[in-house]
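For reference, the structure discussed in these notes is given below.
Rule-based calculations on the coordinates, nothing more; no lab input. Note that the structure is predicted; figures quoted are calculated from it, not measured. Note that we place each Cβ from the backbone using ideal geometry, even for glycine, and neighbour counts take in every protein chain shown.
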There are 2 protein chains.
Amino acid sequence: MGRHREFDVEKALDAALCVFWRKGYEGASYADLTEAAGVERPALYSAFGNKEALFRKALARYYERYVDYIPAALQLPTAREVAAHALQGAIDLTTRYPDHTGCLAIQGVLAGSDEAEPVRQALIEARAEGEAQLRERFERAKAEGDLPETARPDTLAAFLMAVLHGMAVQAKAGFSRDTLEAVAEQALATWPAGKGEGA
Amino acid sequence: MGRHREFDVEKALDAALCVFWRKGYEGASYADLTEAAGVERPALYSAFGNKEALFRKALARYYERYVDYIPAALQLPTAREVAAHALQGAIDLTTRYPDHTGCLAIQGVLAGSDEAEPVRQALIEARAEGEAQLRERFERAKAEGDLPETARPDTLAAFLMAVLHGMAVQAKAGFSRDTLEAVAEQALATWPAGKGEGA
DNA sequence: GCGGTTTAATAACGATCATTATGAAATTGA
DNA sequence: TCAATTTCATAATGATCGTTATTAAACCGC
């Protein structure tokens, strides 16, 4: 019963995702979002709720559709491969699209007006969850002898995340893929070796 | 001739600097700035120009007053000491003040509305200049035998900057000083050794 | 075709944005 | 003391912010 929706909700969400990716949460105005989605303002509100709700839906889609290299990395056999795959995945993601470089999930973490604080907290939590998954994976690796007894899984996870974040900043500053790959290689140079791995 | 200025321009700039540090360029409103400075709007305009000019002056002060650990690091005798001092300086800076963590110069790099593009470019250039200084220092270190022949100064500079940026993000996410120091230690673990330095 | 219901489009809402016009207060030189 | 000049505080500018009334159009079951 009632009139049918004339626009594709999925496409509208994709369009909003791209705008948020380029401009961040606060930098993206509702005018930007509706223009990119090709949809009038009230239609976006009825489909997604307000701007914050739209951003949260876009963020969820971003993680499941673009940050899928993290869960993929977690399943690799060794801690070193996990780290290498995560680094490579981040490089791909942050340099693949010339018109929206960097990482959507990092754009809004750093600063903003007071009213954006809930969104910033959500981004911080999402970041922490990714780090926790890496830490747990490295704890397992340590238990399996894949990392030495002296290794500290929490430090390795924090270090890896720091490099990932730093590369996201550099991607936004226009770094080439080659440069980022050299950075990743340098980051991996320190990786502690487990039993059966060369030094 | 004429009436005397009743507020301290230096103090007003310091106050604006702190606001920008907490909220970034776009997140800081002129109302925030005038309130922090204890000065009415037209007074700030007459003293500094518009918001962008005020931010640029605050940024310059930030570098000369708070990022002084970079020029200090550059004068240390070995490349490893340069890197270690830069990392420690960044940790101090990004965690020293509980009410404005992270790095002012990174807050605005990532994203924002179109009208903030000139500011973002200025931040990107400042970032690039810091990296260039590190690269030149590491080239000298290589020439002095302080870094091995296989070392790549550009990669080391990019890597070090990536870790610095990543730690700035993590500081904004509430990381403790201890955690960041563990990250820095891990980053230094990959550092190539020069002649006369143990492996 | 007709009520009931959902969406679409236009236009407006109050709030806040950065910026500035205006006129009173204060200081200097004459 | 008076004219010139600079800063002060109040208040207003037009623009844009996110969010909604409001009304017309399209669909369903009857």
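Quick look at the numbers
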{"item": "Cα principal axis extents for segment A:67-189, largest first, Å", "result": "45, 33, 22"}
{"item": "Backbone N under 17 Å from the A:E35 label point (7 Å along Cα→Cβ), restricted to segment B:104-134", "result": "B:112-118"}
{"item": "Relative contact order of segment B:67-189, defined on C-alpha pairs under 8 angstrom at six or more residues apart (%)", "result": "33 percent"}
{"item": "3J(HN,Hα) from dihedral phi, segment A:147-160, Karplus parametrisation 6.51/-1.76/1.60, rounded to Hz, x for glycine, proline", "result": "10, x, 4, 7, 5, 10, x, 5, 5, 4, 5, 5, 5, 4"}
{"item": "Kirkwood Rh, angstrom, the protein assembly as shown [1 / mean 1/r, Cα pairs]", "result": "22.4 Å"}
{"item": "Cα centroid separation - segment A:83-139 against segment A:17-47, whole Å", "result": "21 Å"}
{"item": "Nearest 10 degrees, 0 to 90: helix A:79-96 Cα axis against chain A principal axis", "result": "30 degrees"}
{"item": "A:A193 versus B:S113: modelled label distance in nm, points set 7 Å from Cα along the beta carbon direction", "result": "5.6 nm"}
{"item": "Within segment A:90-121, backbone nitrogen closer than 19 Å to the virtual label 7 Å beyond the Cα of A:D178 toward Cβ", "result": "A:91-98"}
{"item": "Sum of side-chain charges, B:A84 neighbourhood, beta-carbon under 12 Å (Lys, Arg +1; Asp, Glu -1)", "result": "-2"}
{"item": "Proxy reagent accessibility, fewest Cβ within 10 Å first, across B:C18, A:C103", "result": "B:C18, A:C103"}
{"item": "Helix A:177-189 vs. chain A, principal-axis angle (Cα, 0 to 90°, nearest 10)", "result": "40 degrees"}
{"item": "Sites B:K11 and A:R56, calculated FRET efficiency, Cβ-Cβ separation with R0 35 Å, nearest 0.05", "result": "0.30"}
{"item": "For segment A:9-62, with +1 on Lys and Arg beta carbons and -1 on Asp and Glu, the positive-most of A:A36, A:A58, A:A16 along the dipole", "result": "A:A58"}
{"item": "Shielding by partners, peptide A:98-104 (average Cβ within 10 angstrom, other chains)", "result": "1"}
{"item": "Calculated P(r) tail over 15 Å for segment A:8-89, as whole % of Cα pairs", "result": "58 percent"}
{"item": "Entries in A:K57/B:K172; B:K57/B:K142; A:K57/A:K142; A:K172/B:K142 that, when Cα-Cα distance is taken, lie over 31 Å", "result": "B:K57/B:K142; A:K57/A:K142"}
{"item": "Unit charges on C-beta of K, R, D, E only; dipole of chain A, Debye", "result": "180 debye"}
{"item": "Three-way shape call for segment B:66-129 based on the alpha-carbon gyration tensor, with the a/c threshold at 1.5", "result": "oblate"}
